[in-house]
Every structure is written in structure tokens, then in C-alpha cells.
Amino acid sequence: DAEPLGDSWLQRWDSLQLFTPRRFSGLPGLPFPAGTTRSPSRIEMADYLRAYAAEFSLPVRTAVRAERVTRTDTGFALTTSAGPLTTRQVVLATGPFRLPYVPAAAQGLDRSVRQLHSFHYHRPSDLPSGQVLVVGGGNSAAQLALELAATHEVTVASPGPLWFLPEDVLGVSMYWWTLLTGVLNAGGDARVSRYIRGRGDAIVGRQLQSLIRQGRVRLLPHRVISADGDHVGLADGSRVQVETVLWCTGFRPDTGWIDVPGALDDTGAPLHEAGASPVPGLHWMGLPWQTRLNSSIIDGVDRDARRTARRVLAGLPSR
């Protein structure tokens, strides 16, 4: 890993809380510690990952950046910041949330408009006082809009109506309900999974919904499709004047260093079937809907990792 273990969590905004309860935020063999909040903070998550590596004496090499991977006659060659490596098989587990994505329309905004992606946001004081347009419709957009509403005039522009879910139903965590009803572990092609994928991200918790109903946060359920000067254009044809824009528009995987024919499609996205690449010896981990709903979050790592490990072992020469 190019960064210290857990560092990607420490780079996020100060008040970040996972939307998964502690019970669903750990890895096999080491339960996530109890705490005073329902869900872990970014700092607790980083501490947990370091503790996990220490608990099982995992041979993690940090400060080593993978710069290129290519195919060889016997496997793969990697160029790294610590020198070359060769291997028979490679598991690409860098995840889908590597490169902050900002729509091309952002380039049309005037320099007087303050722009920031959620990756570079840390606290409300990062933004000038006054009006803020939060662009996005997922949990990051919801958490940051909720936080900024205490200090700023907040408008949310989302691709469509926001889908809010309660944190609890009948006193039981919503995440528990997804497990108990089979939704969490339903295959990616199951009817319920297709429905969820079509709906987009569900926002866990109704606090932002309450502020919207009270008129304390303005919701514009239309995608940003253009920008010009100090205005953005929405898909319904309306235009909104902006002073500050916080782009909560997600991330893209970083696959530019993967120089393996057949590993990526024409857009640079991974080609795979349940994590198995069409390239022999190449495997993916942590992709959205790799096998089911929670494949790209920590709770879903166990089953996908076991499946991948079996494929890796099957591909190694017998001794």
C-alpha cells in the first residue's frame, strides 16, 4: 500500500461516520470494538484496521506504490516504488473509491465560485460563509448537507428524489433487517438487487429529510448538467446561482496503471465475473455489486475474499 494502513479513512472529513453499525463494520476474527456511537468514526475505523493487521501479523508493506502491472509468460510483472516484483497471480483490491469524480460541467464555473470535492472537505470552516450547493444524492451528500445546515444556507441538487431509510424499524437496526430478510446477501442478479440498483443509494437516517420538510435545507431533485459563470443548469431546465459548490459526486476506480490486455473494458472499468477476471491469474476484490449488495463495504469482504482465495489457490502449481 502506498499509504499507512488506514490512512484513507483519516483523509476524509472530520465528522465522518460509517452508515453501517459497529456489528457490521468488522472483519472476520476480530469484532469491532464497542463505542458510544451506533456507527464507527473514521478514526475508529483506521485504528481498527491497524489493530487487525497487528492481531494476525499480516505482512502489509506500506509506503510502496504499485505503478504498473503487465502480463508475462509466467504470470505478472509489477513496477513499484520499491522496485520490480514478479508473481503468478495478482489480486487487485484497490477498491472503487480512489479518484474523486467531478462532472465536466464544473469547468464552466467562474473562478469566483468556490468549488470543493467531498474528498478535500474536512469541516464547515473550509467553506466561505453564505450559500452552499451540495451536489449529490448519496450518504456523503446527506451527511455533509446535514452538517453544513448548522452554519450555512444549504441547497442540495440530487439526480432525483432522495431515498431515505430509517436507522431503526421496530427498535432493530435497518442493517439488521437487510440481513434478516436476505436482502444483504442476495445475489447481484436477484430481483430485489436489481430493484435496489435501479433506485440508487439509500440514505440511512431521516435527519436531512426532516430539515428539508422544515424548509431549513432546500432540495432540487434534478441532475446538474451544465455550468456557466456563477450559475449551474439542472436537468429540468432551471438555473441556480451559486457561491460555493461542494461536489459529493463520488469516486472512480484508479485503473490507469493496469496494463493487462483483457482486464478492462473500453471505459477503463474492470471486466470480471464475481471478481474473476477473464485474464487467468488476475482477480478483483471490493467492487460494487461484485457478488451482492455489500461487496464494496467492509461487511461484505469476508465471503468475497474466501471465494477469491479459493480461486488463487486453485491456480497455483501443486507442490
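The values are calculated or read from the model by the stated rules, or taken from the named source; none is laboratory data. Note that the structure is a prediction, hence the values are computed from the model and not measured. Reconstructed Cβ throughout: ideal geometry from the backbone, glycine too, with neighbour counts over all protein chains shown.
The combined condition, being over 23 Å from the mean Cα position of the chain (by Cα) and closer than 24 Å to Asn294 by Cα, is fulfilled by Ala34. Kindly indicate whether Thr80 is in contact (Cβ under 8 Å) with a residue 60 or more places away in the chain, over 27 Å from Arg216 (Cα atoms) and more than 17 Å from the chain's Cα centre (by Cα). When the stated conditions are applied, Thr80 does not pass them.
Under 30 Å from Gly187 (Cβ atoms), touching an Asp or Glu at 6+ places or on another chain (Cβ under 6 Å) and not assigned by TED's automatic domain parsing to the domain that holds Asn139 - does that describe any residue in segment 251-260?
No - not one qualifying residue is present in segment 251-260.
Count of segment 142-178 residues, restricted to those that are aromatic (Phe, Trp, Tyr) and closer than 23 Å to Val224 by Cβ, is 2. Suppose the filter is crowded, with 19+ Cβ neighbours inside 10 Å, within 30 Å of Ser210 (Cβ to Cβ), assigned by TED's automatic domain parsing to the domain that holds Val204 and at pLDDT 95 or above; does Ala145 pass it? The answer is yes for Ala145.
Identify, from the list Leu180, Leu170, the residue that is at positive phi, surrounded by fewer than 20 Cβ atoms within 10 Å (Cβ to Cβ) and of a type in the set (A, V, I, L, M, F, W, C). That would be Leu170, the only listed residue that is at positive phi, surrounded by fewer than 20 Cβ atoms within 10 Å (Cβ to Cβ) and of a type in the set (A, V, I, L, M, F, W, C). Taken over segment 10-46, the criterion of being surrounded by 17 or more Cβ atoms within 10 Å (Cβ to Cβ) and either part of a helix (DSSP H, G or I) or touching a Gly at 6+ places or on another chain (Cβ under 7 Å) (or both) is satisfied by Arg22, Phe24, Phe32, Arg42, Glu44, Met45, Ala46. Is it the case that segment 161-172 has a residue that's closer than 19 Å to Asp14 by Cα and either assigned to a loop (DSSP other than H, G, I, E, B) or at pLDDT 95 or above (or both)? Checking segment 161-172: not a single residue is closer than 19 Å to Asp14 by Cα and either assigned to a loop (DSSP other than H, G, I, E, B) or at pLDDT 95 or above (or both).
Of the candidates Ala63, Ala105, Ala93, the single residue that is surrounded by fewer than 16 Cβ atoms within 10 Å (Cβ to Cβ) and not basic (Lys, Arg) is Ala63. So is Leu208 within 24 Å of Pro128 (Cα to Cα), surrounded by 18 or more Cβ atoms within 10 Å (Cβ to Cβ) and in contact with a helix residue (DSSP H, G or I) (Cβ under 6 Å, 6 or more places away or on another chain) or not? Answer is yes for this residue. Look at segment 262-290: where a residue is of a type in the set (Asp, Glu) and a partner is part of a loop (DSSP other than H, G, I, E, B), sitting 6+ places away or on another chain with Cβ atoms under 9 Å, you get Asp265/Leu271. For segment 299-319, the set of residues classified as within 14 Å of Leu92 (Cα to Cα) and touching a Leu at 6+ places or on another chain (Cβ under 8 Å) consists of Val301 only.
Going by the conditions given, is Gly198 part of a helix (DSSP H, G or I) and either farther than 28 Å from Asp14 by Cβ or free of Cβ contacts under 8 Å to residues at least 12 places away in the same chain (or both)? When the stated conditions are applied, Gly198 passes them.
Okay, residues lined up against (1) more than 21 Å from the chain's Cα centre (by Cα); (2) under 24 Å from Ala104 (Cβ atoms):
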residue: Ala141; (1), (2): no, yes
residue: Leu144; (1), (2): no, yes
residue: Leu180; (1), (2): yes, no
residue: Gly188; (1), (2): no, no
residue: Ile212; (1), (2): yes, no
residue: Gly215; (1), (2): yes, no
residue: Arg223; (1), (2): no, yes
residue: Asp228; (1), (2): yes, yes
residue: Gly233; (1), (2): yes, yes
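What about Ser296, is it buried (at least 17 other Cβ atoms within 10 Å of the Cβ), modelled with pLDDT of 95 or more, within 30 Å of Thr86 (Cβ to Cβ) and among the hydroxyl-bearing types (Ser, Thr, Tyr)? No, not satisfied.
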